[in-house]
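Following: one structure in structure tokens, then a few remarks.
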Amino acid sequence: MAKTTKIAVVGAGSAQFSAHIITDMCLYKGLYGSQVVFEDIDEDRLDFVTRAAKKLNEELKCNLTITSTTNLDEALEGCDFVISAVQVGGYDWYEECRDISEKYGFYRGNQLYEFSQMQFMLQLIRGMEKNCPDAWHVMAMNPVFEGTTYIIRNSKIKTVGLCHGFHYGVKEISGFLGIDFDKVTYSCPGFNHWLWLTEFQYEGKDAMPMLNDWIKKNGETYQKVAYGRTYHDHQMSRAAIHQYELFGYYPIGDTCRHGGWWYHTDFPTSQYFYGALGGFDSEIGWKQHIYNCTLELEKIRKAADSDQPASSLLDTSFSGEQIVPIINAIANNEKGVFQVNIANNGLMPEFPDDLAVESKAEVDASGMRWLPLDPMPRELIVNAMMPRWQFAERKLEFMRTRSKESLLLFFLHFHWCKDLKTAEALLDEWTNHPFVQKLGLMNPEI
């Protein structure tokens, strides 16, 4: 490493995430001696996350310099990499947006919280333009698809959106088939949370017949095993298999959750498609997710406060996230291949160059370059990809204009929208919400 690398973690109160950043950095000697700055507006979380991280750093002998601040400009100044992991308003605002939407018939919400996320993303980028214009923005906050596109269209800051769903999805399929994931090669391009398995090989041979055989022999039996299923058990769900039958290609990761409104019309329907708990996004599944997040927070707090070594209380193995390996590849010019979300730039000719798409790219100090991709099948483009693109563009149009008209049209295009009056009532309540007013979400200048 020619110089000390400075990395800011914005939204470091995402405690488990921040701990993984430190433990992963300790696996890359090329990053030893780096300066890591944790930033968050929640002083309590920032305090115990920083203390836990410092303990890990000392115990694992990574020679990192770890500091913290509540001042974003201070955190960004002179950075080489900025990792964003922010949830604006926390899960309270997320839930309030969902509650408002459900009041008007939008079952399990309509992603209104994403607008405050994207607003912050651009505010962060403006801060980077001022304080570290040559830095990489490594985005680990949702919505990755719309958010990365929004940044691409509004700034020259180098941005990459990352998600782990593709890896765990294919790994889970491999586990069900009883094959060694390390001997699997695959391709699952698309948009973030909208990925499709277009290539799946095991030891150099097509493994799709193995998946088809498992579905035929075990698919329905598996669905009937209600007990022992977790809320995030969706990769081999009825919904995933139905998407495969419908679109002709197997959905990967969070695509299984988002592949169609018809899987989420009500809780019994969600149970049918995702098992007894109704999946990640159901009333039960989401509560379990929030509960698990709370447990993880307390685990980090205990690691910070306890006399026991933090490394004995927290998992110090590689997290599986791409964030630190990508930072290492760029900082130390160690070429690697990663699944990234960056500007399309001709990779998928059916879509604009300034749209963020997800696929494999070669990464090193010179940047990111797409690996060649076979054309996606027409039926997948027309029936799955284009509708999802249009949905994203409606969100982005509101972010561009901040107009009530564009937001109303966003509501009206939802299957759950009962009629015009319902959409107008939702529009009125949400746009006049105190938090929306405080953030200035309807102001195109903010």
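Could you please tell me the mean projected area of the C-alpha convex hull for the range 311-446, averaged over all directions and given in square nanometres to one decimal? Mean projected area for the range 311-446: 13.5 nm², to one decimal. Shown are V337, V170, whose ranking by accessible area with a 1.4 Å probe and every protein chain present, most to least, is V337, V170.
What is the calculated FRET efficiency for F435 to E203, with r their C-beta to C-beta distance and R₀ = 41 Å, to the nearest 0.05? The formula returns an efficiency of 0.15 here.
Maximal additional length on extending the E129-D374 stretch stands at 84.6 nm, based on 0.36 nm per residue less the C-alpha distance.
Please report the carbon-and-sulfur percent of the accessible area for the range 295-427; probe 1.4 Å, protein heavy atoms only, DNA, RNA and ligands left out. Here it works out to 51 percent. At the listed q of 0.11, 0.13, 0.18, 0.23 Å⁻¹, the Debye profile of the range 203-317, built from one uniform point per Cα, gives log10 I(q)/I(0) equal to -0.50, -0.64, -0.90, -1.20. For the pair H413 and E283, label points projected 7 Å from Cα toward Cβ lie 3.0 nm apart. Which FRET efficiency value, to the nearest 0.05, do you get for D353 and E245 by plugging their Cβ-Cβ distance into 1/(1 + (r/R0)^6) with R0 = 45 Å? That gives a FRET efficiency of 0.85.
Near T255, once Lys and Arg are set to +1 and Asp and Glu to -1 for all other residues with Cβ below 12 Å from its Cβ, the sum equals 0.
Other residues within the sphere of radius under 15 Å centred on the Cβ of G190, judged by their own Cβ, net out at -3 (K and R +1, D and E -1). Between N292 and S406, the distance separating the two model label sites (each 7 Å from Cα on the Cα→Cβ line) works out to 3.5 nm. Computed 3J(HN,Hα) for the range 434-439, one whole-Hz value per residue from the Karplus formula 6.51 cos²θ - 1.76 cosθ + 1.60 where θ = phi - 60°, is x, 6, 4, 5, 4, 6, glycine and proline marked x. Annotation: cysteines of the chain without a disulfide-compatible partner (Cβ-Cβ under 4.7 angstrom) are C97, C163, C188, C256, C293, C417.
Electrostatic bookkeeping for P377 treats Lys and Arg as +1 and Asp and Glu as -1; over the other residues with beta carbon under 13 Å from its beta carbon, the sum is -3.
Residue by residue, the range 115-130 carries 3J(HN,Hα) couplings of 5, 5, 4, 5, 4, 5, 3, 5, 4, 5, 4, 4, x, 5, 4, 7 Hz when phi is fed to the Karplus relation 6.51 cos²θ - 1.76 cosθ + 1.60 (θ = phi - 60°); x denotes Gly or Pro. Residues D73, D206, ordered by accessible area of protein heavy atoms at a 1.4 angstrom probe radius and largest first, appear as D206, D73. The count of lysine pairs in the range 12-153 whose Cα atoms are under 29 Å apart, excluding pairs fewer than 8 places apart on the same chain, comes to 4.
Reported to the nearest whole Å, the Cα centre-to-centre distance from the range 181-259 to the range 423-446 is 39. Rg/Rh for the range 74-185 stands at 1.10; both radii use Cα atoms, and Rh follows the Kirkwood definition. Per-residue packing, averaged as other Cβ atoms within 10 Å, sorts the ranges 211-221, 316-326, 190-200, 104-114 into the order 190-200, 104-114, 316-326, 211-221, beginning with the highest.
Each residue was assigned an accessible area with a 1.4 Å probe, and for D254 the value is about 30 Å². Near the amide H of L197, within less than 5 Å, lie the amide hydrogens of Y250, I252, all on another chain or at least 5 residues away, with H placed in the peptide plane. Residue-wise HN-Hα couplings along the range 343-350, as the Karplus relation 6.51 cos²θ - 1.76 cosθ + 1.60 with θ = phi - 60° gives them from phi, are 4, 4, 6, x, 4, 10, x, 6 Hz; Gly and Pro carry x.
Here's how it looks for E358: its modeled amide H is under 5 Å from those of G190, F191, N192, which are all 5 or more places away or on a different chain. Put T401, T431 in order of accessible area, highest first, and with a 1.4 Å probe you get T401, T431.
With the simple model of a label 7 Å out from the Cα in the direction of the Cβ, D307 to T65 spans 3.3 nm. Quick check: Cα centre of the range 23-72 to Cα centre of the range 335-366, how many Å? If you average the Cα positions of each part, the centres end up 30 Å apart. Peptides 257-265, 41-49 ranked from most to least packed give 257-265, 41-49, packing being the mean of other C-beta atoms within 10 angstrom over each peptide's residues.
For the chain, the solvent-accessible area works out to 44 Å² per residue, with a probe of 1.4 Å and every protein chain left in place. Distances between every pair of Cα atoms in the chain, grouped in 10 Å steps from 0 to the bin holding the largest one, split as 4, 20, 30, 29, 15, 2, 0 percent.
The values are calculated or read from the model by the stated rules, or taken from the named source; none is laboratory data. These figures come from a predicted structure and were not determined experimentally. Please note: Cβ atoms are built from the backbone with ideal geometry, for glycine as well, and neighbour counts cover all protein chains shown. Protein only, heavy atoms only, side chains kept; ligands, DNA and RNA dropped before computing areas. Shrake-Rupley method; radii C 1.70, N 1.55, O 1.52, S 1.80 Å.
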